[in-house]
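Presented below is the structure to which this report refers.
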Amino acid sequence: MASLSQINQFRCKALSVTPSASNFMPKPSISLPCMVEFSGQSIRKRNSSLRPVLCVRAVTDDDEWGPDKKKEEEGSAVAVAVADEKAAEESETDRLKKALVDSFYGTDRGLKATSETRAEIVELITQLEAKNPNPAPTEALALLNGKWILAYTSFAGLFPLLSRGTLSLVKVEEISQTIDSQNFTVQNSVKFAGPLATTSVSTNAKFEVRSPQRVQIKFEEGIIGTPQLTDSLVIPENVEFLGQKIDLTPFKGILNSVEDAASNVARTISSRPPLKIPISNSNAQSWLLTTYLDQELRISRGDGGSIFVLIKEGSSLLSSLST
């Protein structure tokens, strides 16, 4: 006689049907086991000749909802892991961006940066470039579109211009680049501010896409903006000239009388159109390589390896800038 353990090896046998010739109707012949398993327990049938016993297998907690549920849960776990990894990546990128902008403090857009500070900035830029969310920026022209404010540059050609801002009465208020991706135009602009007026010098250019990262720029005209005279003159108490402070208090009475005349002249000059100068030189071209781009920060490299870091107008990163 087979032992109980041997019987348990044969859990439930399949139903077998034996055809019968009587009445031309098949009559099933059911082979019933003498033992069934339910929830891991063996149960002996009472009377196999009276009624059939159904084979029932209790599922475990692991497959309670079946294989489809398992796949769904596994897919959800993968999605959560990917989302967590992406969030960590974004957090690290935000940290690097903040550290980069903070490193610009006191550099006056790069003019006053020490060699140690420049090395730190280059290191942060290299790390950000490795995390560039748009490796083909020329295919994301919508992100390039808009006005970008220059925050830092290593381009020595701009340093003479920036050094003019160190004078007490003249200040480089803003250097910007405005890109119109629909018309493929670029406008570079420098805005000056002084106690008597504000003005700007701009260049208009066309650009062509040459690679997923590179654009070729051809300058077409220069524009000297009409000076906008201030209605009220802001006269400092003193100015520094050749290392000496000059007291302007005795001249305030004279300057106040000039203020009235300036208000009348301002309305006349400000109504005149800006002066446009065509640029016909075929060599007035340059290229620009964008190595990092997102909604608020752009890093570009130009001729000679010069670096430009620009922040989108309206970005909260601009509030961290200070010279």
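The values are calculated or read from the model by the stated rules, or taken from the named source; none is laboratory data. Here the structure is a predicted model, which is why all the values come from computation and not from measurement. Cβ coordinates were reconstructed from backbone atoms using ideal geometry, including for glycine residues, and neighbour counts include every protein chain displayed. Ligands, DNA and RNA are excluded from the accessible area calculation, which covers all protein heavy atoms including side chains. Shrake-Rupley method; radii C 1.70, N 1.55, O 1.52, S 1.80 Å.
Listing for the model above:
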{"item": "Gain in span if fully extended, Glu139 to Ala119, counting 0.36 nm per residue against the direct Cα distance", "result": "4.1 nm"}
{"item": "Derived scalar couplings ³J(HN,Hα) [region 148-154; Karplus, 6.51 cos²θ - 1.76 cosθ + 1.60; whole Hz; x for Gly, Pro]", "result": "10, 9, 5, 9, 7, 8, 10"}
{"item": "Bins of 10 Å, starting at 0 and running to the largest distance - Cα pair percent for region 166-216", "result": "23, 38, 22, 15, 3"}
{"item": "Long-range HN-HN contacts of Ala151 with modeled amide H, under 5 Å", "result": "Val309, Leu310, Ile311"}
{"item": "Separation of the Ala156 and Glu92 label points, Cα + 7 Å toward Cβ, nm", "result": "3.6"}
{"item": "Solvent-accessible area of Leu143 with every protein chain in place, 1.4 Å probe, in Å² to the nearest 10", "result": "40"}
{"item": "Normalised per residue, the volume of the convex hull around the Cα set of region 92-194 (Å³)", "result": "116"}
{"item": "P(r) histogram, all alpha-carbon pairs of region 90-145 included - 10 Å bins from 0, percent", "result": "22, 40, 32, 6"}
{"item": "Added length on full extension, which subtracts the Cα-Cα distance from 0.36 nm per residue, Asn283 to Ala99", "result": "62.5 nm"}
